[in-house]
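Comments concern the structure below.
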Amino acid sequence: MITPVYDGGDAYLLETYESVAAQQLPTGWSLQWLVQEDGKTGRPLDRLPDQPWISKDAGRAGGAARTRTLALPRAQGLLTRTLDADDLFPDEHTLARDIEALAANPDLGWTVAPAVDLYPDGQLVPGPCDPPPGRLPSGYLAEGLRAGTLPVMGTTATIYTELLLAHGGWPAIPAFEDVGPLLAAEACADGWMQEKPGEIYRKHSAQQTAASDYQDESERTIRIGIVLSRADALRRLRWTWQPREPVTI
């Protein structure tokens, strides 16, 4: 699992740590948490305890996409999931559900799940566009985005690490980068929509999506175009992917 964090963006990092540490995985599975600083101050990483399952590193500042991709070579697991430094898992079985879904469907390449927004007053609000649970065919999410609404949050995706590496990680765009690997994976393999939430997405004034730059319409069009263009190009190649080493439990 990969979490990018920058100095000044770590106010909720300990809560995220507690959420990650509480995860209960199926027998034989273990968690590796890659926490990568966007910058080299060392201060966000110092907030976390030294644990053998936490891998800390830092690199030149360059945004979340580059930060996640710099952490990716350290990933040793069969699956990779992301979680931002201000977000939470809804319960201790969140990751286990993804493992179980892929084990039950060995031809699939990824899973996604509903996200729940957490507001400053403590209110939890589910997303308005969640697809029905079950199998999602290749192209389903891309078509939703093309029509104006991506039905899921990219940060709820669990993807086979090999498939993530094959697509080069996260695209070098200033936002919306979390959707890039998901739509690239979707172009090559079917996935699974979970019934239960996979992320608590914290709403607060300091988050990137609240910044004025994020709302710029011309940049938004470019970001979406880049993500869709990569997915469309992969689909035109007619390359399909299935795991060489399927998940087992």
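Please treat every number below as a calculation from the coordinates, not as lab data. Only a predicted model underlies this, so the values are computations on that prediction, with no experimental measurement involved. Note that we place each Cβ from the backbone using ideal geometry, even for glycine, and neighbour counts take in every protein chain shown.
Does segment 47-57 contain at least one residue that is surrounded by fewer than 19 Cβ atoms within 10 Å (Cβ to Cβ), within 19 Å of E92 (Cα to Cα) and over 20 Å from the mean Cα position of the chain (by Cα)?
Yes, because at least one residue in segment 47-57 is surrounded by fewer than 19 Cβ atoms within 10 Å (Cβ to Cβ), within 19 Å of E92 (Cα to Cα) and over 20 Å from the mean Cα position of the chain (by Cα).
Scanning segment 87-104 for residues that are surrounded by fewer than 23 Cβ atoms within 10 Å (Cβ to Cβ) and in contact with a strand residue (DSSP E or B) (Cβ under 6 Å, 6 or more places away or on another chain), which turns out farthest from L34 (Cα to Cα)?
P90
Test each condition in (1) surrounded by fewer than 22 Cβ atoms within 10 Å (Cβ to Cβ); (2) outside any strand (DSSP E or B); (3) of a type in the set (A, V, I, L, M) for V116 and report the one that comes out false.
So the condition that V116 fails would be (2).
Does T156 satisfy the criteria of being touching an Asp or Glu at 6+ places or on another chain (Cβ under 6 Å) and more than 15 Å from A231 (Cα to Cα)?
Yes, satisfied.
When both residues are 6+ apart or on different chains and their Cβ atoms are under 8 Å apart, which pairs have a first residue that lies in segment 216-240 and is within 19 Å of W170 (Cβ to Cβ) and touching a residue at least 60 places away in the same chain (Cβ under 8 Å), and a second that is part of a helix (DSSP H, G or I) and charged (D, E, K, R)?
As it stands, the answer is L228/R146; A231/E186, since those pairs meet every condition given.
Only residues in segment 14-36 that are over 19 Å from A71 (Cβ atoms) count as the first member; pair them with residues that are small (G, A, S) and not in a loop (DSSP other than H, G, I, E, B), Cβ under 6 angstrom, at least 6 apart or cross-chain, and list the lot.
Every condition considered, the pairs that remain are L25/A96; P26/A96.
Of everything in segment 3-26 that's under 15 Å from L88 (Cα atoms) and of a type in the set (S, T, Y), which residue is surrounded by the most Cβ atoms within 10 Å (Cβ to Cβ)?
Only one residue tops the list, namely T3.
For segment 221-239, which positions are surrounded by 14 or more Cβ atoms within 10 Å (Cβ to Cβ) and closer than 26 Å to L108 by Cα?
The answer is I224, I226, V227, L228, R230, A231, D232, L234, R235.
Quick one: which strands (runs of 3 or more DSSP E) lie wholly within segment 1-103 and hold at least 1 residues that are of a type in the set (G, A, S) and over 30 Å from G122 (Cα atoms)? Quick ask: steps written out before the conclusion?
Working: elements: 2-5, 33-38, 54-59, 79-81.
Here the list reads 54-59.
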